[in-house]
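Only one structure is covered here, and it is reproduced in the block below.
The values are calculated or read from the model by the stated rules, or taken from the named source; none is laboratory data. Just so we're clear, the structure is a prediction, and the values are computed from it rather than from any experiment. Note that we place each Cβ from the backbone using ideal geometry, even for glycine, and neighbour counts take in every protein chain shown.
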Amino acid sequence: MICLALAGCAGKVIFTPTPSEPDVKPVIESESGKVPNSPQVVAAIQLLEQGKRYIHDGKPDEAIRILERAISLHPSNGENYFYLADAWIIKQSAEQAKEYHLMANRYLNHDPAWESGLRLQFERIQKMVTQ
């Protein structure tokens, strides 16, 4: 079968893992798509939600503390960086906001759902820099 697959003679082989396989992890949905459902990722998503609530409540210091923990657990989740940039915007720290915005953009720029939010966040940071 390997020979046939390499030679291109065989049809497309699709491997469907069974739930009993230890290397296969279920997935959960986040705003930026499906992610592996590990204890670290679940905890990071819970921390992200808590950080967003702190931002909504006008508590940027608490949000920063929580979102930094979320990043340490799930560093490839761009949402963590996006909301961390928002927290630094609230604190009027353009340099920190810009740093986290760039990281958010790195992970989220391929997602059309985040295009507008990233653009608006960038404009808010630029406005702080020019003031």
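Which one of the conditions (1) assigned to a helix (DSSP H, G or I); (2) surrounded by fewer than 22 Cβ atoms within 10 Å (Cβ to Cβ) does PHE82 fail to meet, given that it meets all the rest?
With (1) assigned to a helix (DSSP H, G or I); (2) surrounded by fewer than 22 Cβ atoms within 10 Å (Cβ to Cβ) applied to PHE82, the lone miss is (2).
Mind checking which residues of segment 103-118 are touching a residue at least 12 places away in the same chain (Cβ under 8 Å) and part of a helix (DSSP H, G or I)? Even if it seems obvious, please write down each step before you answer.
At the first step, the residues of segment 103-118 found to be touching a residue at least 12 places away in the same chain (Cβ under 8 Å) are 103-108, 111, 113-114, 117-118.
Those that are touching a residue at least 12 places away in the same chain (Cβ under 8 Å) and part of a helix (DSSP H, G or I): MET103, ALA104, ASN105, ARG106, TYR107, LEU108, ALA113, TRP114, GLY117, LEU118.
Which one of these does CYS3 not meet: (1) modelled with pLDDT under 90; (2) not small (Gly, Ala, Ser); (3) not in a helix (DSSP H, G or I)?
Failed condition: (3).
Does TYR100 meet the test of being under 15 Å from the mean Cα position of the chain (by Cα), free of Cβ contacts under 8 Å to residues at least 24 places away in the same chain and assigned to a helix (DSSP H, G or I)?
Values: under 15 Å from the mean Cα position of the chain (by Cα): yes; free of Cβ contacts under 8 Å to residues at least 24 places away in the same chain: yes; assigned to a helix (DSSP H, G or I): yes.
Taking the combined requirement at face value, the residue satisfies it.
Pairs, please: C-beta under 9 Å, at least 6 apart or cross-chain, first residue without any contact (Cβ under 8 Å) to a residue 60 or more places away in the chain and part of a helix (DSSP H, G or I) and in segment 43-54, second crowded, with 18+ Cβ neighbours inside 10 Å and of a type in the set (Phe, Trp, Tyr)?
These pairs meet every condition: LEU48/TYR83; GLY51/TYR83; LYS52/TYR83.
Pull out all pairs, ordered by first then second residue, where Cβ-Cβ is under 7 Å, the residues are six or more apart or on different chains, the first lies in segment 83-94 and is over 20 Å from GLU49 (Cβ atoms), and the second is assigned to a helix (DSSP H, G or I) and at pLDDT 95 or above.
Matching pairs, first to second residue: LYS91/PRO60; ALA94/ILE125.
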